[in-house]
Amino acid sequence: MPLPGGRPPRMRPAAPPASISVGAGAAEGMRAARGAMANFHLALIQLHVSAVKSDNLQRACGLVREASAKGAKIVALPECFNSPYGTQYFKEYAEKIPGESTQKLSEVAKECSIYLIGGSIPEEDDGKLYNTCTVFGPDGAMLAKHRKVHLFDINIPGKIQFKESETLSPGNSLSMFDTPYCKVGLGICYDIRFAEMAQIYGQKGCQLLIYPGAFNLTTGPAHWELLQRGRAVDNQVYVATVSPARDEKASYVAWGHSSVVNPWGEVIAKAGAEETVLYTDIDLKKLTEVRQQIPILSQKRCDLYSIEMKK
């Protein structure tokens with residue numbers, strides 16, 4: 001929706017996903033301001049996703065506005081927020097970036113003056129399909145674009161078989177962006193199972209990891225919370241996961257239960273299965289306290305082992 005009295009904002013091209021997506025001067029200014037911004041309000045939108053893209057976009061933007069009105073400074077949408085999740089849907093719903101869905105995200109981020117993590121959408125680029133998360137800043141500019149690195153190919157006999165690689169291609173970069181509050185690392189769903197990715201984000205200074213994700217009724221109850229708590233404790237960071245709402249009639253039924261875990265491994269906010277907006281305060285003083293009490297980051301034996309980002 002165009003902003004009142006003006007034309008829709010133009011999106012600048014995304015910065016390379018593995019880099020901080022703001023200018024060096026702006027990034028320094030953000031870091032200097034963080035001492036006064038040790039707390040901020042985070043909102044996770046557990047959206048009910050239908051087969052009608054226009055309805056999904058309209059409801060998503062409406063809930064973003066609601067979250068902003070309640071004080072959220074960073075807002076996140078779920079995986080495949082504009083499309084049903086399934087290999088049979090990705091091609092039909094895929095868009096270029098910039099495109100219809102990302103334009104809407106850019107506009108509402110600027111309208112509300114927030115940082116908006118746009119869940120993910122099926123992206124088409126040069127004949128390939130990707131599962132892609134875009135991030136927009138308070139001026140409507142695209143700050144990051146993360147293509148799901150680890151594709152969801154699993155086979156649990158008698159329960160679930162799924163193979164994203166039938167239609168999707170993997171991303172080849174890790175993605176971070178800076179805010180006045182903290183640096184944020186991005187992953188999508190299955191990416192959370194790969195501890196090395198989270199460790200690299202921690203090494204790069206991320207204090208909050210956000211994973212839009214759609215676990216299912218088999219993997220959800222078994223691993224959803226466990227993985228979040230593991231990534232949080234291992235790296236002494238906040239971890240937030242954003243699921244679609246559960247739809248029992250869908251071909252793929254999402255687990256729901258969007259959550260936030262603090263650096264001590266405590267679940268500090270958790271949704272049920274229905275459509276909702278989950279709010280929590282992120283207290284970076286808590287992160288500092290945990291790292292001072294159990295200083296594992298300074299106790300690593302880099303003479304014996306290491307993890308590095310190659311791209």
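The values are calculated or read from the model by the stated rules, or taken from the named source; none is laboratory data. None of the values given here were measured: they were computed from a predicted structure. In this analysis, Cβ positions are derived from the backbone assuming ideal geometry, glycine residues included, and neighbour counts consider all displayed protein chains. With ligands, DNA and RNA removed, areas are computed over all heavy atoms of the protein, side chains included. Shrake-Rupley method; radii C 1.70, N 1.55, O 1.52, S 1.80 Å.
Filter the stretch 90-110 down to the residues that are of a type in the set (S, T, N, Q) and open to solvent by 20 Å² or more (accessible area, probe 1.4 Å) and list them by number.
103
When you look at residue 117, is it closer than 18 Å to residue 57 by Cα, open to solvent by 10 Å² or more (accessible area, probe 1.4 Å), of a type outside the set (Lys, Arg) and within 18 Å of the chain's Cα centre (by Cα), yes or no?
Here the answer is no, as residue 117 does not meet what is asked.
Any chance you could count how many residues in the stretch 162-203 are polar (S, T, N, Q) and closer than 20 Å to residue 115 by Cα?
Matching residues across the stretch 162-203 total 2.
Filter the stretch 38-88 down to residues that are in a helix (DSSP H, G or I) and acidic (Asp, Glu), then give me how many there are.
2
I want to confirm something. Restricting to the stretch 180-196 and keeping residues that are part of a helix (DSSP H, G or I) and more than 14 Å from the chain's Cα centre (by Cα), which single residue is surrounded by the most Cβ atoms within 10 Å (Cβ to Cβ)?
193
Out of the stretch 88-118, which residues are of a type in the set (Phe, Trp, Tyr) and farther than 28 Å from residue 252 by Cβ?
115 - this is the single residue of the stretch 88-118 that is of a type in the set (Phe, Trp, Tyr) and farther than 28 Å from residue 252 by Cβ.
Return a yes/no flag: does the stretch 53-62 have any residue that is surrounded by 12 or more Cβ atoms within 10 Å (Cβ to Cβ), modelled with pLDDT of 95 or more and of a type in the set (A, V, I, L, M).
yes
So which residues in the stretch 217-251 are in contact with a strand residue (DSSP E or B) (Cβ under 6 Å, 6 or more places away or on another chain) and of a type outside the set (A, V, I, L, M, F, W, C), if there are any at all?
218, 228, 229, 231, 238, 241, 243, 244, 246
Find the residue count for the stretch 143-163, including only residues that are of a type outside the set (A, V, I, L, M) and within 30 Å of residue 107 (Cα to Cα).
The number of residues fulfilling the criteria is 5.
So residue 177 clears everything in (1) open to solvent by 30 Å² or more (accessible area, probe 1.4 Å); (2) among the aromatic types (Phe, Trp, Tyr); (3) outside any helix (DSSP H, G or I) except one condition, right? Which one?
Exception for residue 177: condition (1).
Which of (1) part of a helix (DSSP H, G or I); (2) in contact with a Pro (Cβ under 9 Å, 6 or more places away or on another chain) does residue 297 not meet, given it meets every other one?
(2)
Can you tell me how many residues in the stretch 123-162 are assigned to a loop (DSSP other than H, G, I, E, B) and surrounded by 14 or more Cβ atoms within 10 Å (Cβ to Cβ)?
Residues meeting the conditions: 9.
Any idea which residue in the stretch 254-311 is most open to solvent (accessible area, probe 1.4 Å), counting only those that are among the basic types (Lys, Arg) and in contact (Cβ under 8 Å) with a residue 60 or more places away in the chain?
Result: 311.
Farther than 21 Å from residue 271 by Cα, surrounded by fewer than 24 Cβ atoms within 10 Å (Cβ to Cβ) and within 19 Å of the chain's Cα centre (by Cα), is that true of residue 87?
Taking the combined requirement at face value, the residue does not satisfy it.
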